[in-house]
1. Of all residues in segment 192-217 being within 16 Å of ligand 2 (Cβ to nearest atom) and part of a loop (DSSP other than H, G, I, E, B), which is surrounded by the fewest Cβ atoms within 10 Å (Cβ to Cβ)?
2. Taking helices (runs of 4 or more DSSP H) that do not extend beyond segment 317-407, which have at least 3 residues that are assigned by TED's automatic domain parsing to the domain that holds Ser184?
3. Just one of (1) outside any helix (DSSP H, G or I); (2) buried (at least 20 other Cβ atoms within 10 Å of the Cβ); (3) away from ligand 1 (no atom under 16 Å from the Cβ) trips up Lys104, so point out which.
4. Taking Asp38 as the residue in question, decide whether it is in contact with a helix residue (DSSP H, G or I) (Cβ under 7 Å, 6 or more places away or on another chain) and either outside the structural domain of Ala329 (by TED's automatic domain parsing) or within 30 Å of Leu180 (Cβ to Cβ) (or both).
5. If you scan segment 75-100, which residues turn out to be surrounded by fewer than 17 Cβ atoms within 10 Å (Cβ to Cβ) and hydroxyl-bearing (Ser, Thr, Tyr)?
6. Can you tell me which condition Glu400 does not meet? The list is (1) more than 30 Å from Leu98 (Cβ to Cβ); (2) within 24 Å of the chain's Cα centre (by Cα); (3) of a type outside the set (S, T, N, Q), and all the others hold.
7. With respect to Leu345, determine if the residue is within 16 Å of ligand 1 (Cβ to nearest atom) and touching a residue at least 60 places away in the same chain (Cβ under 8 Å).
8. Please find, within segment 22-48, the residue that is nearest to ligand 1 (Cβ to nearest atom) out of those that are part of a strand (DSSP E or B) and of a type in the set (Asp, Glu).
Amino acid sequence: MGAQRAEIISARVIVTCPGRNFVTLRIETRDGVYGLGDATLNGRERAVVSYLEDHVIPCLIGRDAHRIEDIWQYLYKGAYWRRGPVTMSAIAAVDMALWDIKGKIAGLPVYQLLGGASREGCMVYGHANGATIEETIENAIAHVEQGYRAVRLQSGAPGLKATYGVAKAGERYEPADGALPTESLWSTEKYLRSVAPLLEKGREALGWDVHLLHDIHHRLTPIEAGRLGKELEPFRPFWLEDPTPAENQAGFRLIRQHTTAPIAVGEIFNTIWDAKQLIEEQLIDYVRATVVHAGGLTHLRRIAALADLYQVRTGCHGATDLSPVSMAAALHFGLSVPNFGIQELMPHTKETDAVFPHAYRYADGMMHPGDAPGLGVDIDEALAGRYEYKRAYLPVARLEDGTVFNW
Ligand code: GCO
Ligand code: MG
């Protein structure tokens, strides 16, 4: 039964570090068609490599690459141990590679297989940051000059030596910065004093036609977040991201009671269960779950479908720790889903782009996945082989009295 078969004959994991670590799964069929999937889990990369090599790949050999849903269910339910970032990143890598293969066999870009384009392109937001508000605004102006319609503003705060989202002088922002975790001190009070002036200056300098975003990176309590949201309302933020850790989804009710500032959450979500209450109770406006950490296109579409019922839109995570394979997958997804909101864009380095040649493109604040069959991303394995894996950790934050806090 079923005339079309694309037998998987091999699968392997490629680890490379063109400036930062990336883990890529390459699945190949008997006819020599191959697909790529991103399996990068920042700071815990080798756990996913082992999960794939030791536990997933042996189960893939001999299967029909066309049966994407069946393989997804097999890997999810078949493991018995469900969910979690390592498992879901591994499943995501398989899922992306299979969609890539299906697209190549069909001769169609993946977004066509997902129902076709629902829009002309995906609006992206860029990252403006600086040690001071002035530097951040300067950087934001440079983004607007490059055509960005949406910019995320992050700046250092007086009295804080380091903070989330701000690059070290003269460098690009790259959070996984140490062979052991670096530590920085955090003060909620100092931070809170710095945000309204940042957004106020942002509006003064950039006007009202640019969307302004801000990432709180899980560092407030719900009531603190409610207060900040209220304070920022006059500056009409596009969203406030990760205002508080989202393990306790009901906690977001408290934020909603106090502010109409739109809320975006979900870059660390793995499955629909992490977002279910947030979506069903309309406690958020944007869900940031992404292809690689939330089980691939197959599962992310399910999250988007639930979100659509409640007028929650997508806003996929797109930091540099998500490889170009993920970026491509996110763009095929974003172009096709009805409730697309915005896509994060933190451009990769030239070195990374050279390892992963791709069809997606940026123009005027928008991105398009391109029309190459499949995901439209390749890997230059010879080049990838020149960059050896380098252990790198995300930082750890402590309160000024030494208590471990949320980074
Ligand atoms: C974002 C994120 C990132 C994460 C990083 C962790 O909004 O892009 O918060 O900066 O911290 O992806 O690996
Ligand atoms: Mg974030």
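The values are calculated or read from the model by the stated rules, or taken from the named source; none is laboratory data. Everything quoted here is computed from the prediction, not taken from an experiment. So basically every Cβ, Gly included, is an ideal-geometry build from the backbone, and we count neighbours across all protein chains shown.
1. Ranking the candidates gives His217 first.
2. On the way: elements: 324-336, 350-355, 381-384.
Per the criteria, 324-336, 350-355.
3. All conditions are met except number (1).
4. Spelling it out, Asp38 is indeed in contact with a helix residue (DSSP H, G or I) (Cβ under 7 Å, 6 or more places away or on another chain) and either outside the structural domain of Ala329 (by TED's automatic domain parsing) or within 30 Å of Leu180 (Cβ to Cβ) (or both).
5. Tyr80
6. (2)
7. On the way: within 16 Å of ligand 1 (Cβ to nearest atom): yes; touching a residue at least 60 places away in the same chain (Cβ under 8 Å): yes.
Judged against the criteria, Leu345 is a match.
8. The initial filter retains those residues of segment 22-48 that are part of a strand (DSSP E or B), namely 22-29, 34-38.
Pick out the ones that are also of a type in the set (Asp, Glu) and you get 28, 38.
Details: Glu28: 29, Asp38: 13 Å.
My answer is Asp38.
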